[in-house]
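The values are calculated or read from the model by the stated rules, or taken from the named source; none is laboratory data. As the structure is a computational prediction, the values presented were derived from the model and not from experiment. Quick reminder, even Gly has a Cβ in these numbers, built from the backbone with ideal geometry, and neighbours come from all protein chains shown. Please note that ligands, DNA and RNA were not included when accessible areas were found on the heavy atoms of the full protein model with its side chains. Shrake-Rupley method; radii C 1.70, N 1.55, O 1.52, S 1.80 Å.
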Amino acid sequence: MAAFERIPEKEGRIVKVGLVGAGNIGKTHLSAYRKVRGARVAAIAGRNREAGEQLAEEYACRHYPSLEAMLEQEEIDVVDICLPTHLHEQHAIQAARAGKHVLCEKPIALTLGAAERMLEEVRQANVAFMVAQVLRFWPEYIAIKQWIDEGKLGRPEMVYANRLSQPPDWSAWFRDAKKSGGALYDLHLHDIDYLIHLLGPVASVYAVGKQSENGAWDHVATNLLFASGSKAVVEGSHLMGKDFPFTVTMRVNGPLGTLDYSNTSDRVSGKREGHLAWYGEGGRQPVDVKAGDPFVNQLQYFVDCVKNGERPQIITPEESVQVLRVMTAIQRSLETGEVQRIDWMWRPGEMGKERECKE
């Protein structure tokens, strides 16, 4: 597909962003845009009028009750979708049909059919599209990938990762499995996506977990076998007990040593503790990490792509759909108790079909 027309930079032209969603992640994106070069939030859309108007006043822009109303009244370049997952498809398609570039919060969708329809629409509209998988822009995770890409670890052999949290309490929609997909799609997805970024295609998965009363898989442990031969165990939970700190871990073991990252954050005090270290022949040594806000990194990258008429490559739309295929395979494994093989070869129109890879 040809690149799209770049936004002219004459007369100080900047990328105008229309943000949809005034909730927790919407506020996070809005705060980050203050530090993004060459972009400005021109409008905010959301059904919560009070919250939307308050944010619009804070960011010196207008509030609209819906994306449709915003598109009718505002001249914008990018639609940033910060809505509950079940609303992603509708709004991404609406924005693409209006000729707007689209940044969409993760996951791309909850079903492969929805994801395929989104891909087809952005292709036909010839607009940039990226799913906001923020770990790919997180300083420590960038450092881990660089370390491995440079061969300092050798081929990764075993990986352990976790992402453990108390039940989210900032929005009621998280508790509806049909809207959020539970911890499986909202939390576990982060590490699955990053490991695909790090290690490539997944050949098979096997998962065990616990369902909440609402039917959501809210504590999951997944074994992954990658096409490269690397193996991983990943745990994700929204069911940790009261006062348990938000905890993340990424430990990568290879023939030359071990990379170890851990971080904990206390929800009450806000205190954070973490490290990224290398354990090799010379013993323990800290790994240099380039400072930066991951959300600013992510938004800056997408804005730069739009300004330069380039399609995002750190994460492509096709890869986001493939990540969703792995997530649906994990869900099938949870439901059936069986190993699920994954075929990474697909063609448009076949994404909704369940196919096993050839051995």
Counting only DSSP beta bridges fully inside segment 97-235, the antiparallel percentage to nearest 5 is 60 percent
Is the chain rounded, prolate or oblate when judged by the Cα gyration tensor, a ≥ b ≥ c being the square roots of its eigenvalues, rounded requiring a/c under 1.5 and prolate requiring a/b larger than b/c?
rounded
If you build a Gaussian network model of the chain, linking Cα atoms that sit under 10 Å apart, which residue out of Gln322, Gln211, Gln73 swings the most?
Gln73
Averaged per residue, the 1.4 Å probe accessible area of the chain, protein heavy atoms only, in Å², is roughly 47 Å²
Mind checking segment 250-316 for trypsin sites (Lys or Arg not before Pro) that DSSP puts in a loop (not H, G, I, E or B) and that have at most 14 other Cβ atoms within 10 Å?
Arg267, Lys271, Lys290
Calculate the length of the line joining the C-alpha centroid of segment 121-185 to that of segment 218-283, in whole Å.
13 Å
Tell me the carbon and sulfur percent of the accessible area for the chain, rounded to whole percent, probe radius 1.4 Å.
48 percent
Spin-label pair Val233/Glu310, simplified geometry with 7 Å Cα→Cβ offset, distance in nm:
4.0 nm
For segment 118-181, with only Lys/Arg (+1) and Asp/Glu (-1) charged at the beta-carbon, what is the dipole magnitude about the Cα centre, in debye rounded to 20?
100 debye
Taking the DSSP beta bridges in the chain as the whole, what percent of them are antiparallel, to the nearest 5?
60 percent
Relative to the longest principal axis of the C-alpha atoms of the chain, give the angle of the C-alpha long axis of helix 294-308, reported between 0 and 90° and rounded to the nearest 10°.
50 degrees
What nm value, rounded to one decimal, do you get for the distance between Thr111 and Arg47 when each label is placed 7 Å out toward the C-beta?
1.9 nm
Looking at this model, which pairs from Lys16/Lys271; Lys16/Lys106; Lys106/Lys307; Lys16/Lys231; Lys35/Lys210; Lys152/Lys210 are more than 31 angstrom apart at the alpha-carbon?
Lys16/Lys271; Lys16/Lys231; Lys35/Lys210; Lys152/Lys210
Using only the Cα atoms of segment 1-131, build the gyration tensor, take square roots of its eigenvalues as a ≥ b ≥ c, and label the shape rounded, prolate or oblate: rounded if a/c is under 1.5, else prolate if a/b is larger than b/c, else oblate.
oblate
Treating only the Cβ of Lys, Arg, Asp and Glu as charged (+1, +1, -1, -1), what charge dipole size does the chain show about its Cα centre? Round to the nearest 20 debye.
260 debye
In segment 158-241, what % of DSSP beta bridges are antiparallel (nearest 5)?
70 percent
How would segment 65-140 be classified by its alpha-carbon gyration tensor: rounded, prolate or oblate, with rounded meaning a/c under 1.5 and the a/b versus b/c comparison settling the rest?
prolate
Please report the relative contact order for segment 252-325, taking Cα pairs under 8 Å with a sequence separation of at least 6, and give it as a percent rounded to a whole number.
17 percent
Enter the angle in degrees (range 0 to 90, nearest 10) between the Cα long axis of helix 88-97 and the first principal axis of the Cα atoms of the chain, meaning the one along which they spread out most.
50 degrees
